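Have a look at the structure below before the remarks.
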Amino acid sequence: MDSDAALTFKKAKMIKLRLESLDRANTANRNIPECGPGSLSDRTRISLVNTKKKKLKKSMASFNELREKIGLDYNEIVQRWYFTVIGNNPELISTGENETFMQIVIQEQGRGQVFDTISEMKERHAAVKEIEKGLYELNQVFLEMSMLVEAQDEQLNDIQRQLSQAKSFVKDGMEGLQSTECQETSKEDS
């Protein structure tokens, strides 16, 4: 599982770099003649970026669900261990009484077998903490990507708004020009 988490972390970093690269490429592409804001090329890029954003948001939601599930599963494992030894099921992890649990287990069961169990639990706990740390780091990368995507979305919305305004100004200008041409033609005819 550690290798899967590490691989996912590397892929997330690559996705982040690619999103940043895509943003730079879109900006550079708008400076090419006939590819500026509102062009077919620009609209296609906007559409593709928006599709990728939606997929990224779905992936991020799935990742957060997985992260929460791993934490809940670990809590359940500790509670089952406690229940097996003590006979009741307290909220150990949320109250921070894991250490009290260890003391009770040692008193109830004796030292030899308990130390083996404790050693195994500590190893598992360390592994879970390492996985949680990796998942937290991965979540941070996803949050950074989310902010990058949101910033791009705001820029695209602003570009589209300005494009709509420019279209309106051009239309008003053309109507004014046609009106002026009609007036000049009627003056020449008189």
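The values are calculated or read from the model by the stated rules, or taken from the named source; none is laboratory data. Remember, predicted model here, so these are calculated numbers, not experimental data. Heads up, the Cβs are rebuilt from the backbone with ideal geometry, glycines too, and the neighbour counts pull from every protein chain shown.
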**Study point:** Test result for V149, at pLDDT below 65, out of contact with any strand residue (DSSP E or B) (no Cβ under 7 Å at 6 or more places or on another chain), in a helix (DSSP H, G or I) and not basic (K, R)
**Key:** no
**Study point:** Pick from segment 14-40, criterion assigned to a helix (DSSP H, G or I) and in contact with a helix residue (DSSP H, G or I) (Cβ under 7 Å, 6 or more places away or on another chain), ranking: farthest from M147 (Cα to Cα)
**Key:** N29
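With respect to K55, determine if the residue is over 12 Å from M145 (Cα atoms) and basic (K, R). Write out each step before concluding.
Values: over 12 Å from M145 (Cα atoms): yes; basic (K, R): yes.
Yes; evaluated as a whole, the condition is true for this residue.
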Review point. Which residues, counting only those in segment 41-55, are of a type in the set (S, T, Y) and surrounded by fewer than 12 Cβ atoms within 10 Å (Cβ to Cβ)?
Key: T44, S47, T51
Study note, to complete from the structure: Of the residues in segment 146-170, those that are surrounded by 11 or more Cβ atoms within 10 Å (Cβ to Cβ) and over 24 Å from S41 (Cα atoms) come to S146
Practice item. Among the residues of segment 39-97, write down those that are at pLDDT 70 or above and of a type in the set (V, I, T). Key: T44, I46, V49, T51, I70, I77, V78
Point to revise | Residues located in segment 14-61, provided they are touching a Phe, Trp or Tyr at 6+ places or on another chain (Cβ under 7 Å) and basic (K, R) | key: none
